[in-house]
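Here is the structure we will look at, set down as C-alpha cells.
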Amino acid sequence: MDTEPTYSLFMATDVACRILGVDPVLMLETAGLGALPYGRAELRGTAQQYFDCWNTMEVLSPRPDYVPHLGIAISRGPVIPVFFTLSCAPDMETGLMRLAQFKTLLGPTLLRVFREDGRLRLEYDSVDAQVPMPPTLGALQLVVAVENMRSATAHPVCPVAAGFDGSQEERRMIAGHLGIMPERSHTAYVTFAPEDAKRRFISENPALWSDIEADLKLKLAAQNDRWPIADRVRGALVDLMPAGRTGAEDVAFALGISRSTLQRRLRDVGTSYQAVLDATRRDMAVRYLTKTTLRADEIARVLAYRDANSFSRSFRRWTGQAPFAFRQDQTRSTSPDDAE
C-alpha cells in the first residue's frame, strides 16, 4: 500500500508564523496537529495537514491584511534556496519555468507556466485534486509572484489579469498590491504582458544557478532510497538547514529511517554524518561567498549556525581564513584589473 506523500511544513511553521506573529505551537495545536514534534525534528505533513495549517494561521493572524503582508515579507525576507530558481534566471519566463520544477519543495502546490495569446500565464493548484488549495493561499501565491517579479527586474511590473476563488473582500485585500482587481476564478492565476515576460533580471547569476539546481535536484531525490546515502543526506540537509535543523535525528526522520540505520549506512560507504554535514556546509558557504553578495550573518542563517561567529569559526577550520578575507581573495583572483 502506497504511503501518502508528505511536504515540508517549514514555510508554515518557521516562516509564515514568524512573519505573522503567530505561535507555531498554538497553530499546530489548533489545527489538530499538536502531536507533531515541533522544534525536535523536521515537520512534514500531508497536503490536507498543510492546508489545515494555513487555514488556522488565517484565523489566528492578528493582521487583517495578512495575505499581502505575508507575501511581501516572504519575497523580501529569509534566504530560501528554492527562490534562487527565480533570482538567478535571465528573465521572468525562464525563472518561473525553473521554479515550477521545484515548487513542491515549498509545500503541496503546483505551478503551471504557459503562453496564452503571447502573454505569460501562471496557474497555481493543489498537488491533490481531492484536497483543494484554500483560496487565500492562492491569493498569497499571486502576491509573491508579482513581488518577486518587481524585485528581480527592478521595475514596477503590473499583471494584466489575475484571479482566484475568493470573496470580494479577499480579492480587494490584494488588489492594491497587484495593481488590478482579481476576478472571481476557480483557478488561482496571474497573467503578465509579453514585454514583462522577457524583461531581464538584474540578479541573473548563471554560475550560482548551476550549483543551486544540483542541490534542489538532490532535495527532490532525498526520499528515493535508490540514491547513494550520502547524496540523500546532503539533499535532506539542503532542505532542513534553512529551518535551523542539522541533527542526525532530523535527517533520519526526513529520510524515513532510524538514526542508527543512517549512521550505519554512512559508515558502510566510508564516511560519517558529521563529515557529510561539514562538506555540505563548506561547499554551500564557498558558493555563497564567491557567487552572491550575502553577508556572513545571512549565510550563517542559511547554514543553520547559531550566529555569524560560529559560522566564521567553522569556515576558518575548513579554509584557514575568515569568510570576509576569503571573499576578498577570491574577488582579487578573478578581477581582470589584476591581470598582468
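The values are calculated or read from the model by the stated rules, or taken from the named source; none is laboratory data. Predicted model, so just to flag it, every value in this text is computed and none were measured. Heads up, the Cβs are rebuilt from the backbone with ideal geometry, glycines too, and the neighbour counts pull from every protein chain shown.
Please tell me if R295 is buried (at least 18 other Cβ atoms within 10 Å of the Cβ), within 24 Å of the chain's Cα centre (by Cα) and not aliphatic (A, V, I, L, M). No.
Each row is one residue, and each column tells you yes or no for (1) within 18 Å of the chain's Cα centre (by Cα); (2) without any contact (Cβ under 8 Å) to a residue 60 or more places away in the chain; (3) in a helix (DSSP H, G or I); (4) not assigned by TED's automatic domain parsing to the domain that holds L178.
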| position | (1), (2), (3), (4) |
| --- | --- |
| P5 | no, no, no, yes |
| D14 | yes, no, yes, yes |
| L33 | no, yes, no, yes |
| L86 | yes, no, yes, no |
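In the condition set (1) farther than 30 Å from H155 by Cα; (2) at pLDDT 90 or above; (3) touching a Pro at 6+ places or on another chain (Cβ under 7 Å), F201 is compliant with all but (1). Confirm whether Y273 is aromatic (F, W, Y), more than 28 Å from P5 (Cα to Cα) and either touching a residue at least 24 places away in the same chain (Cβ under 8 Å) or not assigned by TED's automatic domain parsing to the domain that holds F84 (or both). In short, no.
Outside the structural domain of M11 (by TED's automatic domain parsing) and under 30 Å from T292 (Cβ atoms): which single residue out of A139, A188, A129, A152 fits that description? None of the others qualify; the one that does is A152. Residue check: G71 meets all listed conditions (1) of a type in the set (G, A, S); (2) in contact with an Asp or Glu (Cβ under 8 Å, 6 or more places away or on another chain); (3) surrounded by fewer than 21 Cβ atoms within 10 Å (Cβ to Cβ) but one, namely (3). The set of residues in the stretch 163-198 that are among the hydrophobic types (A, V, I, L, M, F, W, C) and modelled with pLDDT under 90 contains only A197.
Out of all the residues in the stretch 102-119, is one or more surrounded by 17 or more Cβ atoms within 10 Å (Cβ to Cβ) and either assigned by TED's automatic domain parsing to the domain that holds L43 or among the acidic types (D, E) (or both)? Looking through the stretch 102-119, none of the residues is surrounded by 17 or more Cβ atoms within 10 Å (Cβ to Cβ) and either assigned by TED's automatic domain parsing to the domain that holds L43 or among the acidic types (D, E) (or both). Count of the stretch 131-187 residues, restricted to those that are farther than 24 Å from F83 by Cα and of a type in the set (S, T, Y), is 2. Of all residues in the stretch 88-130, those satisfying the criterion of being of a type in the set (F, W, Y) and under 22 Å from S185 (Cβ atoms) are F114, Y124. Screening F315 on (1) assigned to a helix (DSSP H, G or I); (2) touching a residue at least 40 places away in the same chain (Cβ under 8 Å) shows it passes everything except condition (2).
Tally the residues that are surrounded by fewer than 18 Cβ atoms within 10 Å (Cβ to Cβ) and either touching a strand residue (DSSP E or B) at 6+ places or on another chain (Cβ under 8 Å) or not in a loop (DSSP other than H, G, I, E, B) (or both), restricting the search to the stretch 17-31.
At the first step, the residues of the stretch 17-31 found to be surrounded by fewer than 18 Cβ atoms within 10 Å (Cβ to Cβ) are 18, 21, 23, 25-26, 29.
From the residues that got through so far, the ones that are either touching a strand residue (DSSP E or B) at 6+ places or on another chain (Cβ under 8 Å) or not in a loop (DSSP other than H, G, I, E, B) (or both) too are 18, 25-26, 29.
Qualifying residue count for the region: 4.
In the condition set (1) crowded, with 18+ Cβ neighbours inside 10 Å; (2) farther than 21 Å from V144 by Cβ; (3) modelled with pLDDT under 90; (4) not polar (S, T, N, Q), A243 is compliant with all but (2). Of the residues V131, V144, V113, the single one that is under 23 Å from R171 (Cα atoms) and part of a helix (DSSP H, G or I) is V144. Could you tell me whether any residue of the stretch 220-238 is over 24 Å from T136 (Cα atoms), touching a residue at least 40 places away in the same chain (Cβ under 8 Å) and surrounded by fewer than 17 Cβ atoms within 10 Å (Cβ to Cβ)? For the stretch 220-238, residues over 24 Å from T136 (Cα atoms), touching a residue at least 40 places away in the same chain (Cβ under 8 Å) and surrounded by fewer than 17 Cβ atoms within 10 Å (Cβ to Cβ): present. Scanning the stretch 160-192 for residues that are outside any strand (DSSP E or B), within 23 Å of the chain's Cα centre (by Cα) and not β-branched (V, I, T) gives H177, L178.
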